[in-house]
């Protein structure tokens, strides 16, 4: 078993999950953005694909590379049932529950600390990406494509970070909490504060 390789199945699953989650975000945004021009339509559909492509794919890859750093086998696997449900939920509610699959990790003697660090890596990456998009949103001219990209980038990445840090089920937050309450609070507080804004401002993007 090779720890440092990427299989064709993993690439395929990442691509399908990326397209599915991007479509879910497009549905959530597109239902309430006024499509008065071709430019508006392109922003509504294509920008989420690019931003989710970086936010989601890099999130999962950072899980993978961090696990491999500790010497464990790791690959992403899509879950087509939860992916379809995510798309359906986004279409009905305009809220994205991004659960298209998970990065699988196999190895003996994985400690809570190692598992916590591996799990925290993805959400922290999304938080860093949100910070990179923030200047475009703050300093961009209202109503321009550049500011829209910044706003999408902040909101999508903050949402991905906070959602994955929920301490339930198989989400990253559960494993970070198992690592320690203090560690969980330090890692989760900023994404959760940001998610409160995203949730209440989600329907007023422009």
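The values are calculated or read from the model by the stated rules, or taken from the named source; none is laboratory data. Note that this is a predicted model, so its numbers are computed, not measured. Every residue, glycine among them, receives a Cβ derived from its backbone with ideal geometry; neighbour counts consider all protein chains shown.
Structural remarks
- Which listed residue, of 96, 45, 33, 50, is modelled with pLDDT under 85 and either touching a strand residue (DSSP E or B) at 6+ places or on another chain (Cβ under 7 Å) or surrounded by 22 or more Cβ atoms within 10 Å (Cβ to Cβ) (or both): 96
- Applying the criterion of being loosely packed, with under 15 Cβ neighbours inside 10 Å and touching a helix residue (DSSP H, G or I) at 6+ places or on another chain (Cβ under 8 Å) to the residues of the stretch 123-144, the residue that is modelled with the lowest pLDDT is 141.
- Residues (modelled with pLDDT under 90, on the phi < 0 side of the Ramachandran plot and in a loop (DSSP other than H, G, I, E, B)) located in the stretch 161-206: 170, 202, 203, 204, 205, 206
- Set 149, 158: member being closer than 19 Å to residue 49 by Cβ, modelled with pLDDT under 85 and assigned to a helix (DSSP H, G or I): 149
- Answer residue from the stretch 70-86, given it is buried (at least 19 other Cβ atoms within 10 Å of the Cβ) and farther than 15 Å from residue 15 by Cβ and is farthest from the chain's Cα centre (by Cα) among those: 72
- Which listed residue, of 120, 67, is in contact with a strand residue (DSSP E or B) (Cβ under 7 Å, 6 or more places away or on another chain), surrounded by 20 or more Cβ atoms within 10 Å (Cβ to Cβ) and modelled with pLDDT of 90 or more: 67
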